[in-house]
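K.L.:
Take a look at this one; I'll ask things after.
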Amino acid sequence: MADDKLSRVRDAVGAHEGFPKPGIVFRDIFPVLRNPSVFNDLNDLIYEAAKAVPGVECIVGLDSRGFLFGPILALKLNVPFVPVRKKGKLPGAVERVSYTLEYGSDEFEVQKDSVSKGQKVLIIDDLLATGGTMKAACQLMEKLEADVVLCLVIIELTDLGGRKKLTAPFKTLLEYEGE
Ligand SMILES: O=P(O)(O)OC[C@H]1O[C@H](OP(=O)(O)OP(=O)(O)O)[C@H](O)[C@@H]1O
Ligand SMILES: Nc1ncnc2[nH]cnc12
């Protein structure tokens, strides 16, 4: 059953060679959202992965594709959703870190009062490539003294070795290799 759901999600993920730069195969999650039944399958799988970790108290979603899944998961678990955003988008006092990703670099911010010390957080994003983005989110959580109980992604590009950058527990629903 879960395998059927996963196959349907895998079949719906798009691939675009040479986007946004030559040499990159862009894995596009948006076609999944065009099909409500497959989007529902994916949200079920995300929920099951999150439920396997006891005591999740907060969902942290990464700008921008983590925002597609994080709030849905947070509602299902009845816990808060907190956004990590690219620089300059969040008002009030923020923590900030710089990071590099498969095709660029950026800065991430989180509102200082959004997560409390010791809170068990699950970080969600659509995809792990080099791991720079997820690592930066973990560093932000460290600054807030939160406890990252799971870094959850839908797609991992395994050849890029991103998971080695992470010290917190990591789970992916789909693995892609070879580029
Ligand atoms: O593992 P990494 O090499 O760091 O790359 C992964 C990140 O790259 C993409 O986001 P992107 O920065 O392109 O932003 P977007 O979600 O706003 O499109 C993707 O959604 C991940 O967040
Ligand atoms: N290959 C890729 N496809 C989609 N999003 C990405 N983010 C970083 N690398 C990516």
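K.L.:
For residues that are assigned to a loop (DSSP other than H, G, I, E, B) and of a type outside the set (D, E, K, R), scanning just the range 89-107, find the one that is farthest from ligand 1 (Cβ to nearest atom).
P.N.:
Out of the qualifying residues, it is 93.
K.L.:
List every residue pair whose Cβ atoms sit under 8 Å apart, with the two residues 6 or more apart in sequence or on different chains, where the first one lies in the range 40-53 and is more than 14 Å from residue 70 (Cα to Cα) and open to solvent by less than 70 Å² (accessible area, probe 1.4 Å) and the second, anywhere, is basic (Lys, Arg) and part of a helix (DSSP H, G or I).
P.N.:
Between residues of the range 40-53 that are more than 14 Å from residue 70 (Cα to Cα) and open to solvent by less than 70 Å² (accessible area, probe 1.4 Å) and residues that are basic (Lys, Arg) and part of a helix (DSSP H, G or I), the close pairs are 41/5; 41/8.
K.L.:
Now for a separate question. State the number of residues belonging to the range 1-19 that are in contact with a helix residue (DSSP H, G or I) (Cβ under 7 Å, 6 or more places away or on another chain), open to solvent by 90 Å² or more (accessible area, probe 1.4 Å) and not in a helix (DSSP H, G or I).
P.N.:
The total comes to 0.
K.L.:
Go through the range 136-163 and give me each residue that's among the β-branched types (Val, Ile, Thr) and either without any contact (Cβ under 8 Å) to a residue 24 or more places away in the chain or away from ligand 2 (no atom under 16 Å from the Cβ) (or both).
P.N.:
Residues satisfying the conditions are 148, 149, 158.
K.L.:
List pairs: first in the range 117-135 and within 7 Å of residue 153 (Cα to Cα) and near ligand 1 (Cβ under 6 Å from one of its atoms), second among the hydroxyl-bearing types (Ser, Thr, Tyr) and outside any loop (DSSP other than H, G, I, E, B), Cβ under 7 Å, 6+ apart or cross-chain?
P.N.:
125/133; 128/172
K.L.:
Of the residues that make up the range 20-30, is at least one in a helix (DSSP H, G or I), within 16 Å of ligand 1 (Cβ to nearest atom) and within 19 Å of the chain's Cα centre (by Cα)? Even if it seems obvious, please write down each step before you answer.
P.N.:
Of the range 20-30, the ones in a helix (DSSP H, G or I) are 30.
Right, trim to within 16 Å of ligand 1 (Cβ to nearest atom) and you get 30.
Adding the requirement that they be within 19 Å of the chain's Cα centre (by Cα) leaves 30.
Checked the range 20-30: at least one residue is in a helix (DSSP H, G or I), within 16 Å of ligand 1 (Cβ to nearest atom) and within 19 Å of the chain's Cα centre (by Cα).
The values are calculated or read from the model by the stated rules, or taken from the named source; none is laboratory data. These numbers come from a predicted model, not from an experiment. So basically every Cβ, Gly included, is an ideal-geometry build from the backbone, and we count neighbours across all protein chains shown. Protein only, heavy atoms only, side chains kept; ligands, DNA and RNA dropped before computing areas. Shrake-Rupley method; radii C 1.70, N 1.55, O 1.52, S 1.80 Å.
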